[in-house]
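Each remark here refers to the structure printed beneath this line.
A short reminder: the numbers here are calculations on the coordinates, not readings from a lab. All of these numbers come straight from a predicted model, not from anything done at the bench. Cβ atoms come from the backbone with ideal geometry, glycine included; neighbour counts cover every protein chain shown.
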Amino acid sequence: MKYELVAGFETHIELGTNTKIFCSCSTEFGGEPNSHCCPVCIGLPGTLPVLNKKVVEYGVMAGLATNGKIANISKMDRKNYCYPDLSKAYQISQLYAPLSIGGYVQLSNGRKIRLHHIHIEEDAGKLIHNHGDTYVDYNRGGVPLIEIVSEPDIRSIDEAREYVEKLQQVMRYIGISDCRMQEGSMRCDVNISVRPVGSEKLGTRTEIKNMNSITFITKAMEYEFERQVDLIESGGQVVQETLRYDDATNTTSSMRSKEDAHDYRYFRDPDLVTISITDEEIEEIRSKLPELPQQKCERYIDELEIPPADASQLTKYRNISEYFDKAIDGLKKPKTVSNFIISQIFRTLRTEEDKEAFAVKTTPEQLNELCKLIEDGKVQNNLAKSVLDKMLESGKPCTEYITEEDMAGLDDDLVEKLCKDAIANNPKAVEQYKAGKEKAIMACMGYVMKNSKGKANAQDVLAKIKSLIS
Ligand SMILES: [Zn+2]
């Protein structure tokens, strides 16, 4: 029998506010253990939390960017559990009235992964295990999070990967989180079950907790899918439980039997007021959202005639697309800029982090200047390429490397002479061309371009050679 994977995600994203969700402690990553703490975020008796307005604003932005409906009224609840990383024995979260309802993330295959809701909550502290001892660091306690809960709409590992990447990309674009999985500012719990292909009924699911890398997510899902299928095939039953993924052995193991919401005795937090957001406030936030990557990508393809694969590379990170937007200003062919970015500038950026930061010495205005010279026919493409390499190295404008002589172009007599030489020096190619092999003429063209040091206009040269041969 063939089985289908069914998965849903709970994605925790740390918000990039300066201060924590209910106090004024710093949210900065790292720092001496327990140096970013106060009586409020470690929950000492007698202290009262005050909600950080920025957290609500960021949560609304996340909801709008994923097509959700923002609730005019939402509330904070206490999720009760006892664990050393949570000193007050409850986490302040949202269950009954979350900030954003519904929405979806659209994948490249056209499928929409529906979202159940997005809620805001506080992060817990961290346990550090060292030589048999366990220490607790509350610096992370009270750092604001959003949790994005999807419906079980994911049907393959590839869809899972793309879903996580899309969320990461959108949240970075709107600037609410750096989504650095390796630092834990984005973490995923995956609910996974299997069912026979064609069946509509959901199988029993397991939940793999707290994964902080896309590679681990895909490996863990592959492992868990196989494990569940093998179990069912051999006559067993999947048990609803919470699992931990071990990347060293690439296996999952049981942490505890899966809990339900009622196990946490959720109730309304009496210390915090109701969050009320008017439609006007929601629209105000919506108007400040930047153009989202998907829309940007479609605009590049439809309006600027950029090939889809290139458009998706240009929109992967906001810094790249903003650079591109500036560099194409006033140009007739934005594709020239796109080609330079993807072929030449990307070559100077070694890692994904470099691409994301896109700290290029050449400013978009300088690249624009070079492309204008190409469009005006003053500089030929080959010359422009070598000029750009020098610009990227030094950060100087193109005028530093292009002489008056370069821009004057070649006079027509010289071009004609070079074309004649080319024909005389390539008798074989000329024969082949005459016999109908169109491409053979490129040998003559190459000769002219080489001997003019790339200064001749390729179109003119081609026309000239053709007319001289016939
Ligand atoms: Zn604090």
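So for segment 412-469, averaging the separation of alpha carbon pairs under 8 Å that are six or more residues apart and normalising by length, what relative contact order in percent results? List each step's numbers first, then the result.
Working: 46 pairs, mean separation 23.1, N = 58.
With pairs under 8 Å counted, the relative contact order is 40 percent.
Please list, ordered by chain and number, the residues whose modelled amide H lies under 5 Å from the amide H of residue 251; skip anything fewer than 5 residues away on the same chain.
Placed amide hydrogens put 246 under 5 Å from residue 251.
Loop-only trypsin sites (Lys or Arg not before Pro) in segment 189-292, please: DSSP not H, G, I, E or B, and at most 15 other Cβ atoms within 10 Å. All intermediate terms of the calculation are to be shown ahead of the outcome.
Values: sites: 201, 205, 209, 219, 227, 244, 256, 258, 265, 268, 286, 288; in loops: 201, 205, 258, 265, 288.
Passing both the DSSP loop test and the Cβ count: 201, 265, 288.
Between the alpha-carbon centers of segment 274-289 and segment 63-84, tell me the distance in whole angstrom.
16
Taking the alpha-carbon centroid of each part, what is the distance from segment 5-48 to segment 409-470 in angstrom?
One Cα centre to the other: 69 Å.
Below 8 Å between Cα atoms, with a sequence gap of 6+, how large is the relative contact order for segment 73-204 in percent?
On the way: 202 pairs, mean separation 21.5, N = 132.
16 percent.
Treating cross-link reach as a plain straight distance, find the aspartates and glutamates whose alpha-carbon is under 13 Å from the alpha-carbon of residue 385, omitting any fewer than eight places away in the same chain.
393
Please list, in chain and number order, the residues 5+ apart from residue 349 or on another chain whose amide H is under 5 Å from its amide H, with Hs placed from the backbone.
none
Strictly over 22 Å apart at the Cα level, which of 332/378; 219/296; 20/209 would you flag in this model?
219/296; 20/209
Charges at C-beta only: +1 for Lys and Arg, -1 for Asp and Glu. How large is the resulting dipole of segment 236-281 about its Cα centre, in Debye rounded to 20? Working shown, then result.
Numbers: 5 positive and 11 negative charges, 89 e Å.
It comes to approximately 420 debye.
Excluding residue 321 itself, calculate the net charge of residues whose Cβ lies under 13 Å from the Cβ of residue 321, where each Lys or Arg counts +1 and each Asp or Glu counts -1.
Values: positive: 172, 296, 299, 316, 318, 326, 355; negative: 291, 298, 310, 322, 325, 356.
Around residue 321, the surrounding residues sum to +1.
Roughly what angle does helix 318-327 make with the longest principal axis of the chain, taking Cα atoms, 0 to 90 degrees, to the nearest 10?
30
Would you mind checking segment 1-23 for residues with the amide N under 13 Å from a putative spin-label position 7 Å along Cα→C-beta of residue 183?
14-18
Apply the Karplus curve 6.51 cos²θ - 1.76 cosθ + 1.60, θ = phi - 60°, to the phi angles in segment 384-393 and return the couplings in whole Hz, x for Gly and Pro.
Going residue by residue, I get 4, 4, 6, 5, 4, 4, 5, 4, 5, 6 Hz, with x marking Gly and Pro.
Any idea what the relative contact order of the chain is, in percent, if you count C-alpha pairs under 8 Å spaced at least 6 apart?
Working: 816 pairs, mean separation 62.5, N = 470.
So the answer I get is 13 percent.
Around residue 10, what is the net charge, scoring Lys/Arg as +1 and Asp/Glu as -1 over all other residues with Cβ under 10 Å from its Cβ?
Numbers: positive: 187, 209; negative: 147, 189, 207.
With Lys, Arg at +1 and Asp, Glu at -1, the neighbours total -1.
Considering only DSSP states other than H, G, I, E and B, which trypsin sites (Lys or Arg not before Pro) in segment 366-443 qualify as loop sites with at most 12 other Cβ atoms within 10 Å? Don't skip to the answer; put the middle values down first.
Numbers: sites: 372, 378, 385, 390, 417, 420, 428, 434, 437, 439; in loops: 378, 437.
Sparse-neighbourhood loop trypsin sites (Lys or Arg not before Pro): 437.
Which GluC sites (Glu not before Pro) does segment 244-314 hold that lie in a coil by DSSP with at most 15 other beta carbons within 10 Å?
259, 291, 305
Order by neighbour count: 131, 262, 117, fewest other Cβ atoms within 10 Å first, most last.
Values: 131 4, 262 7, 117 22.
Ordered by Cβ neighbours within 10 Å, fewest first: 131, 262, 117.
First select every other residue whose beta carbon is under 13 angstrom from the beta carbon of residue 103; then total the charges, Lys and Arg +1, Asp and Glu -1.
Details: positive: 69, 112, 114, 166; negative: 151, 153.
Here the count lands on +2.
For segment 3-285, compute Rh as the Kirkwood radius over C-alpha pairs and then the Stokes-Einstein diffusion coefficient at 4 °C and 1.567 mPa s; write the answer in µm²/s, rounded to an integer. Please report the intermediate quantities before stating the final value.
On the way: Rh = 19.7 Å.
Answer from the Stokes-Einstein relation: 66 µm²/s.
Excluding same-chain residues fewer than 8 positions from residue 439, which aspartates and glutamates have a Cα within less than 19 Å of its Cα?
In chain and number order, the partners are 421, 431, 460.
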